[in-house]
Each structure stands twice: as structure tokens, then as C-alpha cells.
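Here is the structure we will look at.
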Amino acid sequence: MRIAVLTSGGDAPGMNACIRAVVRKGLCEGMEVVGVRRGFEGLISGDLVVMTSRSVGDILHRGGTILKSARSEEFKTEEGRARALRQIEMNGVDAVIGIGGDGTYRGLASLAAMGVPTIGIPATIDNDIGSTEYSIGFDTVCNTVIDAVNKIRDTASSHERVYVVEVMGRNSGHIAIASGLACGAESILTPEIECTMDEVCARVKDGARQGKTHSIILVAEGANSLARQLCPEVAPGQKVHLIGQEIGRRTGFDTRVIMLGHIQRGGSPSAADRILASRFGAKAVALLIAGEPVSAVLGLFEGVMRSAAFDEALMMKRSCKMEYYELANILSSL
């Protein structure tokens, strides 16, 4: 069997660990493994490279993806998918393993519909894939945010300031909630949970009355509702600044705004992400050698790996953990 592995969409720490596991598990099982550069774009152009054990040496600790990643508009077209299928057939590829998020899953599902056995592995820092409890990259990004907030809190404490920190999470608040609980943020703003400026400012003032001299407020980049209460036409890059200005005006605290941005995507993956990625990669190969051709996505629930059909996985919604959010509010209110 000859299998291809690709990474697609936004990069996530742990993708390299997953590539390594796919390649070495595949070689161990007597397979040939080829890497596809730049995701589905590389599949269309035939940018494939034979992978050896040495191809994936010394990459376990590296962030990003050695196969590169790109979003392909052409692959969304019928002609683009037909070109990709021709490359798969010309290169003798029997199955494709894709590492990425929902967009990657949709691309793999289209290949599956054309008769190509495919396996999807969840890798997105947003952790917003419904078919798994944890995706590759989430643990690392939370640790990155926590480390940054630890440093921010030092200066916030020294100067008695409020810091409004924007974290990634275009459509989900998983990073904000998990990181907020872990770093003791006084308020957490997410796309899923409605909140008013009165409530946020009240928490800052209540903390001050109890002797707190500083506050940390985490804002997921997709938390639009609060900014829109202040200005309906606010631009995406300005909403967190608008929130910070209003908090400062209402509370009287010196308030600063920090956008962590793409620093959250990089960095060496955590132990948890390296282990998860290695397990996912090996499991994907195991499914392919089990016998019948398969097309499925992998997921992890309560420590147990399971697979689901593409259509089922794409319909699943990943809700944020309200118990984490509520616990964070309780622990930071005193």
C-alpha cells in the first residue's frame, strides 16, 4: 500500500509529530509513504515527495509543519478535484491521510466521495472540531497564552493596571476559557456567551473593593457582541481596543490592550500534543491496514480513540465547557 499524508489549513503545534507517526508507523507496516506539500494545492499540482524514516528525523519538537500548509480555492471546484484525483492515480496513491480542521475534513470528504480511502486527523488550535474532545495544538496554544499572561500579570501588578488580552478563537471560546481558568483571568469574553459591559466593569470594580490592584480580561477574537454594543460597525482589528477604552473610561483604571496574535500558533508542542499527535498518526495507519478501505475521521473522548464518518463528524458541534467558564468566574471573583 502507498499512502499520502498532507497538512492543510492553519498550522498547529504537533502537526510534525503526527506526520512523523504516520511515516514511521507506515514504514513499520511495510507501506510506502509520500508527503504532499502545501495541502490540497500540492495534491492538484502533484507536489509529492517520498518520505523515509530520516525525512521525519528531529521534527518531533518543532512547531508548524514540514509539509507546509495552504488553503486551495481551486480544490473547491470540480475541475480542481478532478486534477487532484488524476495525480493520486498517476502516483499510485492508495489512501490519503489529512491533518487539519473542518476545511481539511471537507476536502477529504470530497476525495472519499470519488472513491479514495481517506482518514482525517483533527489538528486546530481552536479545538472547535465536534468529533473530538481535543485536537492537536490546543494544549500548546493554551500553554502559550498562560505563559504570556503570567508575564503580563507581573507588569499589571506593578503598575496597578487592567490588561485586556485578545486570544485566538474566531468562532469559539475554547482557548479563552481554558486559558482563562488556568491563569486566573478576572473576566473571559467568548463568542458563545453573552456578556454586557456593565458586567465586565462591575467585576473589575468589585475586585478593586476587595483589594485587587489589577485585572486580566481575556477576549476571544470572535467575541463580537460586546464591541457591537459600543459600536455596531466596529472593524475586527479594533473591537478589543474599543472594549479596553470603555473599561478604562468606566472604571477609572489605567487600561492597556494586548493582541497575542500569531505568536499563539508557533512554538514547540507540549508533551500532551506530542503524545496525542503520535497516537492519532499511528491510529490512522492502523485503520488503513485493518482490511477494508475506510474513510473516516479520528477523535478522542475521555482518553479513548474512536472514528466517525465524515458526514457525521462535520455535523457535530463543539460546545464550550460551561463548567470551566463558571468555575473561572467563581475562583476569580474573590
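Just so you know, all these numbers are worked out from the coordinates, no wet-lab data involved. In this text the structure is predicted, and so the values were computed from the model without any measurement. Glycine also receives a Cβ, built like all others from the backbone with ideal geometry; neighbour counts cover every protein chain displayed.
Of the GluC sites (Glu not before Pro) found in segment 242-334, those in coil by DSSP whose Cβ has at most 10 other Cβ atoms within 10 Å are Glu302.
Computed from label points 7 Å out along Cα-Cβ, the spacing between Ala271 and Met1 is 3.2 nm. A DSSP coil position with no more than 16 other Cβ atoms inside 10 Å describes the following GluC sites (Glu not before Pro) in segment 48-83: Glu73. Aspartates and glutamates within cross-link reach of Lys283: Cα-Cα under 13 Å, excluding same-chain residues under 8 positions apart? List returned: Glu29. Cα centroids of segment 113-139 and segment 280-334: 8 Å apart. Mean-square fluctuations from a GNM of the chain, with a 10 angstrom spring cutoff on Cα atoms, peak among Gly281, Gly103, Gly39 at Gly103. Take every pair of alpha-carbon atoms less than 8 Å apart whose residues are at least six positions apart; their mean separation over the length of the chain yields a relative contact order of 24 percent. For a straight C-alpha distance cut-off of 22 angstrom, the lysines reachable from Lys68 (same-chain residues fewer than eight places away being disregarded) are Lys25, Lys76. Here is the result for segment 225-334: no chymotrypsin sites (Phe, Trp or Tyr not before Pro) lie in DSSP coil with at most 12 other C-beta atoms within 10 angstrom of their C-beta.
Between Met197 and His241, residue separation times 0.36 nm minus the direct Cα-Cα distance comes to 14.5 nm. When P(r) over Cα pairs in 20 Å bins from 0, in percent is calculated for this entry, the matching label among (1) 32, 48, 19, 1; (2) 30, 56, 13, 0; (3) 34, 60, 6 is (1). Taking every C-alpha pair closer than 8 Å and separated by at least 6 residues, the mean separation divided by the residue count of segment 141-266 gives a relative contact order of 36 percent. Computed extension gain for Lys317 through Ile258, at 0.36 nm per residue and net of the alpha carbon distance, reaches 18.3 nm.
Inter-part distance, segment 186-206 to segment 256-274, computed on C-alpha centroids, equals 24 Å. Distance between the pseudo-spin-label points of Met90 and Ala290 (7 Å out from Cα toward the beta carbon): 3.3 nm. Computed extension length for Glu160-Glu233: 23.1 nm, one decimal, from 0.36 nm per residue of separation with the Cα-Cα distance subtracted.
What the Cβ-Cβ distance of Leu334 and His61 gives, at R0 = 41 Å and to the nearest 0.05, is a FRET efficiency of 0.55. Modelled label positions at Asp206 and Lys151, each set 7 Å beyond Cα in the direction of Cβ, lie 3.2 nm from each other. Summing +1 for each Lys or Arg and -1 for each Asp or Glu among the other residues whose beta-carbon sits under 10 angstrom from that of Asp139 gives 0.
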